[in-house]
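Visitor: This is the structure I want to talk about, given as structure tokens.
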Amino acid sequence: MKITSVDVWTVVVPTIAGRVHSPECVAETGWDQVPKHILRLNTDTELVGLGETGRGVPVEQVQEGARFLLGCQPEALCFRDIFAPGRGSSLDGTERGIPAGVGSGPAYQAFEMAVLDLVGRARQLPVHALLGGAVRSKVRADYWMGHQTPEDGKRAVARALEHGFHGVKIKCKLDEPMEERLRAMRDVGGVDFKVTVDPNERFHTAEQAIELAHRLVALGNVEVFEDPIPKSDIEGWVRIHEEVDAPIAMHLGSGPKILEALQAGCVDCFNIGSGPVRMPDLANIAAAAGMPCWHGSGNDLGIIDTSYIHAAALAPNCTMASDFVGSWTREDDLILEPIEFVDGYVATPEKPGLGIDLDLQALPKYVQAHEEIG
């Protein structure tokens with residue numbers, strides 16, 4: 001089996017009106033208008049493999065990555081460096097130190113999930129089985145919302161409860177009515193409906209973060225504070241960790257950065273990104289320190305979100321509620337069978353490959369460009 005061509009669809013899938021931000025807080029979502037690319041690896045058989053880039057990846061990078069894979073035998077590729085044959089590189093045993101460039105390249109993560117999907121279909125195994133096997137049959141997941149007013153937050157929590165969720169991650173910033181917002185959410189969900197507070201570093205300083213955190217923790221429904229201040233301010237992180245009576249998390253996708261946080265003693269858990277190959281490796285660094293984690297996301301579509309479920313199922317310490325949120329924030333996830341959430345969990349996929357199929361009928365509504373690279 002050889003890869004003969006790559007279909008690339010450039011798509012824009014808007015968010016559902018009012019589902020992400022309250023207009024009083026953020027007039028236009030904005031990021032949902034940034035294009036992303038859907039990939040399909042075609043072969044000289046009937047088998048295909050699906051991938052999806054993050055937002056804003058230049059199409060030139062996708063074209064370059066596709067050329068690395070054309071003519072390759074997917075089942076002969078090393079999953080840790082799928083572009084090695086295309087680059088003409090290999091690890092021959094004579095290396096000294098840490099080789100550069102392994103597991104990286106243009107639009108790498110999208111092509112990685114497409115190769116994994118293709119090989120899984122060929123071998124009739126789910127992706128997680130190709131990578132050592134899932135450690136859990138279902139993965140915890142929370143609801144998600146952007147910047148919202150207290151009243152809209154109430155409605156979002158009610159919607160989350162209707163769908164069986166037990167918690168929510170919120171985007172926020174220092175000058176929003178945070179106490180009123182969490183109190184309104186508590187009025188609907190009670191203290192057992194937990195809130196992950198994620199300002200994306202916009203509590204700004206340790207002093208401001210600590211003062212606000214004390215007030216929010218007193219409400220009883222805070223699960224964890226994620227990225228309260230800039231990650232460069234390690235001293236500030238240490239102060240927050242020492243003075244706030246709630247778990248503190250960093251969102252990271254780099255082994256050295258995870259080690260830096262662990263050595264500083266400024267975190268209790270991690271939000272870890274990346275795909276099914278790399279994410280469990282990063283999670284193992286946290287696990288060595290006895291720390292749990294969850295899998296983050298970028299408000300994506302169904303292909304990426306499904307790959308994240310495989311990754312979360314592979315990491316033993318991925319026991320916190322992960323972010324697989326595109327299926328209820330976007331108009332369409334572009335996969336035939338949507339991800340199903342039951343009682344705050346999503347089942348670990350068991351179909352071959354990623355376990356999904358591209359919705360070719362829904363796709364044309366959102367396509368801005370298409371090309372077949374061969």
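Visitor: Please specify each residue of segment 339-350 satisfying the condition of being surrounded by fewer than 16 Cβ atoms within 10 Å (Cβ to Cβ) and either over 15 Å from Ala312 (Cα atoms) or without any contact (Cβ under 8 Å) to a residue 40 or more places away in the chain (or both).
Guide: Glu340, Val342, Asp343
Visitor: I would also like to ask the following. Can you tell me which of Ser297, Ser307 is of a type in the set (Ser, Thr, Tyr), closer than 29 Å to Ala122 by Cβ and in a helix (DSSP H, G or I)?
Guide: Ser307
Visitor: Could you tell me which residue of segment 312-331 is nearest to Asn284 (Cα to Cα), considering only residues that are in contact with a Leu (Cβ under 9 Å, 6 or more places away or on another chain) and free of Cβ contacts under 8 Å to residues at least 40 places away in the same chain?
Guide: Residue satisfying both the conditions and the ranking: Gly326.
Visitor: Quick check on Thr29: is it under 25 Å from Gln368 (Cβ atoms) and of a type in the set (S, T, N, Q)?
Guide: yes
Visitor: Among the residues of segment 294-304, is there at least one that is more than 20 Å from Cys269 (Cα to Cα), in the same structural domain as Asp198 (by TED's automatic domain parsing) and among the β-branched types (Val, Ile, Thr)?
Guide: Checked segment 294-304: at least one residue is more than 20 Å from Cys269 (Cα to Cα), in the same structural domain as Asp198 (by TED's automatic domain parsing) and among the β-branched types (Val, Ile, Thr).
Visitor: May I pose another question? With respect to Ile234, determine if the residue is surrounded by fewer than 22 Cβ atoms within 10 Å (Cβ to Cβ) and β-branched (Val, Ile, Thr).
Guide: Yes; evaluated as a whole, the condition is true for this residue.
Visitor: I'd like to know if segment 126-145 contains one or more residues that are crowded, with 20+ Cβ neighbours inside 10 Å, among the β-branched types (Val, Ile, Thr) and within 30 Å of Met1 (Cβ to Cβ).
Guide: Within segment 126-145, one or more residues are crowded, with 20+ Cβ neighbours inside 10 Å, among the β-branched types (Val, Ile, Thr) and within 30 Å of Met1 (Cβ to Cβ).
Results for (1) of a type in the set (Phe, Trp, Tyr); (2) surrounded by fewer than 22 Cβ atoms within 10 Å (Cβ to Cβ), shown as yes or no for each residue.
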{"residue": "Asn271", "(1), (2)": "no, no"}
{"residue": "Pro292", "(1), (2)": "no, yes"}
{"residue": "Asp300", "(1), (2)": "no, no"}
{"residue": "Phe324", "(1), (2)": "yes, no"}
{"residue": "Leu334", "(1), (2)": "no, no"}
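Visitor: Identify, by number, the condition in (1) touching a Ser or Thr at 6+ places or on another chain (Cβ under 9 Å); (2) surrounded by fewer than 19 Cβ atoms within 10 Å (Cβ to Cβ) that Gly49 doesn't meet.
Guide: (2)
Visitor: Pick from segment 332-346 the residues that are aliphatic (A, V, I, L, M) and touching a Ser or Thr at 6+ places or on another chain (Cβ under 8 Å): which of them is farthest from Ala283 (Cα to Cα)?
Guide: Within segment 332-346, the match that is farthest from Ala283 (Cα to Cα) is Ile335.
Visitor: Pairs only if they're at least six apart or on different chains, beta carbon under 7 angstrom, first in segment 292-303 and under 17 Å from Gly30 (Cα atoms), second surrounded by fewer than 20 Cβ atoms within 10 Å (Cβ to Cβ) and of a type in the set (Lys, Arg); list them, first residue then second.
Guide: Pairs found: Gly298/Arg55.
Condition check ((1) closer than 17 Å to Pro276 by Cβ; (2) out of contact with any helix residue (DSSP H, G or I) (no Cβ under 9 Å at 6 or more places or on another chain)) across all residues:
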| residue | (1), (2) |
| --- | --- |
| Leu69 | no, no |
| Pro74 | yes, no |
| Gly88 | no, yes |
| Leu91 | no, no |
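Conditions tested, residue by residue: (1) at positive phi; (2) touching a residue at least 60 places away in the same chain (Cβ under 8 Å).
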position	(1), (2)
Val8	no, yes
Glu24	no, yes
Gly30	yes, no
Asp44	no, no
Val48	no, yes
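Visitor: Only one residue in Asp44, Asp32 is touching a strand residue (DSSP E or B) at 6+ places or on another chain (Cβ under 9 Å), among the acidic types (Asp, Glu), outside the structural domain of Lys154 (by TED's automatic domain parsing) and surrounded by fewer than 13 Cβ atoms within 10 Å (Cβ to Cβ). Which one?
Guide: Sole residue among the options that is touching a strand residue (DSSP E or B) at 6+ places or on another chain (Cβ under 9 Å), among the acidic types (Asp, Glu), outside the structural domain of Lys154 (by TED's automatic domain parsing) and surrounded by fewer than 13 Cβ atoms within 10 Å (Cβ to Cβ): Asp44.
Visitor: Something else now. Exactly one condition in (1) closer than 20 Å to Leu116 by Cβ; (2) modelled with pLDDT of 95 or more is not met by Asn271; state its number.
Guide: Single failed check for Asn271: (1).
The values are calculated or read from the model by the stated rules, or taken from the named source; none is laboratory data. Quick caveat, the model's predicted, so the values are computed rather than measured. Cβ atoms come from the backbone with ideal geometry, glycine included; neighbour counts cover every protein chain shown.
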